[in-house]
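Asker: Got a structure for you, written out below as structure tokens; questions coming shortly.
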């Protein structure tokens with residue numbers, strides 16, 4: 001993880017795909033990793049994450065992805081034949097800015113989390129939303 | 001198709017165009033550029049466009065990149081909506097015949113730093129760029145394009161019947177400013193509250209699109225919209241914005257980063273089914289509050305154009321405009 005300076009990282013065997021957008025730090029042989037962060041030592045963790053445009057997508061639980069799909073489908077009133085999957089882009093499903101905001105609020109309610117505006121702006125696909133949810137849920141539990 | 005042609009010849013000036021004549025329709029009726037005070041507003045109703053060959057004609061207007069984007073949309077209705085949006089933008093701008101080198105198919109677009117689309121005109125010898133501005137908005141049942149000369153424009157349309165899934169006041173507390181929340185909280189009828197929420201949303205959306213920054217670039221909490229009775233300059237906090245003489249103003253908590261520090265708003269009911277909001281910049285040196293001159297056309301490009309401003313298809317809700 002990019003939070004190399006003094007972070008407490010525990011390594012367990014959860015498979016994880018690594019998505020990187022502008023991060024200066026590279027990992028050569030990263031097999032698996034999970035993350036538990038001591039929130040107190042990183043008060044600006046979220047804003048730094050967004051500034052570095054750094055996203056880790058751990059394969060979110062299928063039930064999380066499924067729940068996000070349900071919420072999206074309901075908000076956008078999609079016809080039954082429209083498939084909604086992890087890689088579905090909100091824009092391609094016809095979501096406007098009001099829909100996106102409503103979806104985020106729906107997700108917050110469903111998962112009992114709080115999404116910061118800057119994180120919300122980075123959500124482009126269902127998978128992005130599911131991954132963010134899991135990060136926030138885990139952070140809550142940490 | 002014959003009936004369309006008959007209607008066309010009686011209502012259209014014939015003109016030479018630098019574009020292909022399509023086999024089953026007539027060319028776009030040319031329109032004079034809007035004056036600096038005018039705003040032109042064109043809209044199309046997707047439900048009225050069902051003819052497959054017409055849709056194919058529209059498709060042929062698009063650039064390869066635009067076609068890709070259309071096909072990326074999931075589902076037939078969304079594809080059609082995306083297609084009509086691009087066809088509307090291209091045909092609308094082409095009507096003004098700004099540059100003889102540019103036709104409906106050769107128009108190029110680019111995005112500004114925040115992602116707002118604008119026309120990329122070919123460079124003239126004198127380097128002078130035309131000052132035509134546009135902005136697009138759509139819902140599943142109506143797609144609109146606003147056009148101005150020499151001032152930034154943002155528009156937003158929403159279905160009047162759009163339901164809000166979340167609690168409106170929670171939503172407002174999170175995204176709107178204190179003044180706006182108060183305005184909504186003062187409304188006891190939930191249906192009226194929902195309508196006022198949507199109107200406020202469209203106005204705010206029109207503003208951030210006019211700024212060129214969009215929803216993510218200009219958070220809604222950083223500016224307040226107010227309805228003012230233009231005559232007396234007093235505030236109405238009841239949420240009743242049906243005053244004919246009301247002016248809508250914006251107070252921004254951030255510094256205006258643009259050359260225009262004044263903004264004009266208009267909000268109206270469109271086609272009985274939608275709220276439409278327009279925001280345009282006016283030069284800082286412009287005197288007083290000059291009403292916006294608004295002209296609205298309903299169009300099916302290559303088939304029919306109908307000027308509807310002054311009819312009951314356009315019903316003023318707020319803002320100073322003719």
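All of the numbers you see were taken from the coordinates with simple rules; none came from a lab. These numbers were taken from a predicted model, which means no experiment stands behind them. Ideal geometry is used to build each Cβ from the backbone, glycine not excepted, and the neighbour counts take in all protein chains shown.
Asker: For B:77, A:81, B:120, what ranking results if the residue with the fewest other Cβ atoms within 10 Å of its Cβ goes first? Don't jump to the answer; show the numbers that get you there.
Answerer: Working: B:77 16, A:81 8, B:120 13.
So the residues, fewest neighbours to most, are A:81, B:120, B:77.
Asker: Would you kindly work out the equivalent ellipsoid of region A:83-142 from its C-alpha gyration tensor and give its semi-axes, the square roots of five times the eigenvalues, largest first in whole Å? Could you put the intermediate results ahead of the total?
Answerer: Values: eigenvalues 77, 31, 18 Å².
Output for region A:83-142: semi-axes of 20, 12, 10 Å.
Asker: Quickly work out the residue B:50-to-residue A:139 label distance, labels modelled 7 Å from Cα along the C-beta direction, and quote it in nm with one decimal.
Answerer: Label at residue A:139, label at residue B:50, 5.0 nm between them.
Asker: Between rounded, prolate and oblate, where does region B:47-102 land on the alpha carbon gyration tensor, with a ≥ b ≥ c its root eigenvalues, rounded for a/c under 1.5, else prolate if a/b exceeds b/c? Before the final figure, lay out the partial values.
Answerer: Values: a/c = 2.37, a/b = 1.65, b/c = 1.44.
Cα axes put region B:47-102 in the prolate bin.
Asker: If r is the Cβ-Cβ distance from residue B:173 to residue B:229 and R0 is 30 Å, what FRET efficiency results, to the nearest 0.05?
Answerer: On the way: r = 27 Å, r/R0 = 0.88.
Efficiency computed from Cβ-Cβ geometry: 0.70.
Asker: Pull out the extension gain between residue B:161 and residue B:185, defined as 0.36 nm times the separation in residues minus the alpha carbon to alpha carbon distance; nm, one decimal. Write out the running numbers ahead of the final one.
Answerer: Numbers: separation 24, 0.36 × 24 = 8.64 nm, distance 1.99 nm.
Full extension of this stretch gives 6.6 nm more.
Asker: How do B:251, A:131, A:118, B:305 line up, fewest other C-beta atoms within 10 Å first? Provide the component values of the computation, followed by the final result.
Answerer: Details: B:251 10, A:131 24, A:118 14, B:305 21.
Ranked by crowding around the Cβ, least crowded first: B:251, A:118, B:305, A:131.
Asker: In which sequence would B:273, B:137, B:151 go, from the one with the fewest C-beta neighbours within 10 Å to the one with the most?
Answerer: On the way: B:273 15, B:137 25, B:151 22.
The most exposed by this proxy come first: B:273, B:151, B:137.
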